[in-house]
Amino acid sequence: MIVMIVTSLLLAASLMVAVGPRFHDGLGTWTTALLLQAMVFALYAARGVWPDFASIVIPNALFITCMTLQASAIYEFYGKQLSRWWHALPALVVAALFAFFIEKFLVRVVLAGVIFGVGTLSLAILVQRQSRESCGSARWLLLIGYLIGAATMFARALVGIVEPGSIPGFMITSPFQGITYIFGF
């Protein structure tokens, strides 16, 4: 989690330095998503120290918001707008689901895998559809990164159903946990 926090903060700082005080083309929104992502990982890392609501429900709701902010940044890059409802509604739905299943770890693993897998796959599709006329290596890097992330999340959901012992706990290490955290990173 520390690596994820530091990386998110370094990427946000890099964008701030590279672009300066005037964010444009979605870079401000992307930076906001990175800063929020650092907070999400910090809240995840507080599992067992802070109350479950603060370390399970809130970070999962914010994590889907990171995804909607990335979608908004992609839209902004192409001169389009994403409605604010696309940020609020998914966060509320995810918060409600994780609050309802707060005592059921494996259900949350499957929910997270499916929800965040679909979210990440949706970002990949958005990148593909929005950037048809551009063929830069950054586009392919982003697209492949999202596809790897989606596959990783779907794999977590599937393993949570088929081989639940491979995921003993959120902060408990196992070979599968290590692999999925590396690919998620």
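The values are calculated or read from the model by the stated rules, or taken from the named source; none is laboratory data. Computed from a predicted structure; not experimentally measured. Positions of Cβ are generated from backbone atoms using ideal geometry, with glycine treated the same way; all protein chains shown enter the neighbour counts. Please note that ligands, DNA and RNA were not included when accessible areas were found on the heavy atoms of the full protein model with its side chains. Shrake-Rupley method; radii C 1.70, N 1.55, O 1.52, S 1.80 Å.
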Inset, instruction - Assuming 1.002 mPa s and 20 °C, estimate D for the stretch 41-139 with Stokes-Einstein, Rh taken as the Kirkwood radius over Cα pairs, in µm²/s. - result: 146 µm²/s
Legend entry - Net charge dipole size for the chain [Lys, Arg +1 and Asp, Glu -1 on Cβ; Debye, nearest 20]: 220 debye
Inset, instruction - Sort the following peptides by mean Cβ neighbour count (other Cβ atoms within 10 Å, averaged over residues), highest first: 13-23, 104-114. - result: 104-114, 13-23
Inset, instruction - Would you mind telling me the share, in percent, of accessible area of the chain contributed by carbon and sulfur at probe 1.4 angstrom? - result: 73 percent
Inset, instruction - Would you work out the relative contact order for the stretch 1-65, in percent, from Cα pairs under 8 angstrom that are 6 or more residues apart? - result: 37 percent
Inset, instruction - Taking the Cα atoms of the stretch 91-163, report the difference between the largest and smallest coordinate on each principal axis, in whole Å and largest first. - result: 46, 29, 13
Legend entry - Accessible solvent surface per residue of the stretch 1-142, calculated while the other protein chains remain in place, 1.4 angstrom probe, Å²: 55 Å²
Legend entry - Cα-Cα P(r), the stretch 34-75, percent of pairs per 10 Å interval: 33, 47, 16, 4
